[in-house]
Amino acid sequence: MSAETTFNLISAGSSALGLINAADGFRRTFKSVAPGDPFFRRVFATQGAMVARWRSGLTRAVRRAFRRPAPAITATLGTALSVEAAMNVRGLVQFGPLPDVTQEPAAFTAEVERRLNRVYQLAQDVQHGLRQEEQVRDKGDQQVASDLGAQISALDEEAKRDALEGLREQVLGWFLVAVGLITQVVALLAS
């Protein structure tokens, strides 16, 4: 086997290995940034969109060159219906009939005072219950917030590690591609 053939094989192998490493590094970096989003589908969708943009630009240029009008674009409009509901909760406190104010003014006053005190006590109890519920909810919210903060921090660190690993793999891949190109140049100089 000649030196040129050896250099060509080393160049092809190094370039292929480098491209595979770089592609896998890109995939890993993408996966760490957008988990659950398929890398190659996104790449092909981007390429398809780029080809569509080039095609539409070329079509416009050809249309302008031949002085043809742009085709009419028709589109249908849809409608959206939004329904909102609000729920109200209310309590009803009922009392019996009041004594006649003209015949028993003292009993009437006492009964009105008793009922007002009862309504006031009920309002105080509801307010107290709401405050306690709000405190429990606030404690739960704080716990959930701290748990989510810890999970976000852990996921962020993991994503950074994965992204750095992907970048390292990309750098190694491009280094191997460069070695392949340098080897190719050496093979050309050797011939």
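The values are calculated or read from the model by the stated rules, or taken from the named source; none is laboratory data. Owing to the predicted nature of the structure, the values given are computational and were not obtained by experimental measurement. Cβ sites come from the backbone with ideal geometry, for glycine too, and all protein chains shown count toward neighbours. Remember, those area values only see protein heavy atoms, side chains included, never the ligands or the DNA or RNA. Shrake-Rupley method; radii C 1.70, N 1.55, O 1.52, S 1.80 Å.
See the values below:
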| read-out | value |
| --- | --- |
| Solvent exposure of the chain as accessible area per residue, Å², 1.4 Å probe | 83 Å² |
| Potential lengthening between Ala178 and Val144 on full extension [0.36 nm per residue; Cα-Cα distance subtracted] | 7.2 nm |
| Protection-proxy order for peptides 23-29, 128-134, each taking the mean of Cβ atoms within 10 Å per residue, highest first | 23-29, 128-134 |
| Segment Ile152-Gln47, extension gain: residue separation times 0.36 nm, minus the distance between their alpha carbons | 34.6 nm |
| Kirkwood hydrodynamic radius of the chain, Cα pairs, Å | 26.6 Å |
| Accessible carbon and sulfur surface of the chain relative to its total accessible area, %, 1.4 Å | 63 percent |
| The range 117-158: translational diffusion in µm²/s, Stokes-Einstein, Kirkwood Rh over Cα pairs, 4 °C, 1.567 mPa s | 103 µm²/s |
| Distance histogram for the range 87-170 (every C-alpha pair counted, 10 angstrom bins, percent rounded to whole numbers) | 13, 20, 16, 13, 11, 9, 7, 5, 3, 1 |
| Virtual spin-label span in nm between Leu167 and Trp54, 7 Å along Cα→Cβ | 3.0 nm |
| Difference of contour (0.36 nm per residue) and Cα-Cα distance, Val186 to Ser2 | 64.9 nm |
| Charge context of Asp147, other residues only, Cβ under 13 angstrom, K/R +1, D/E -1 | 0 |
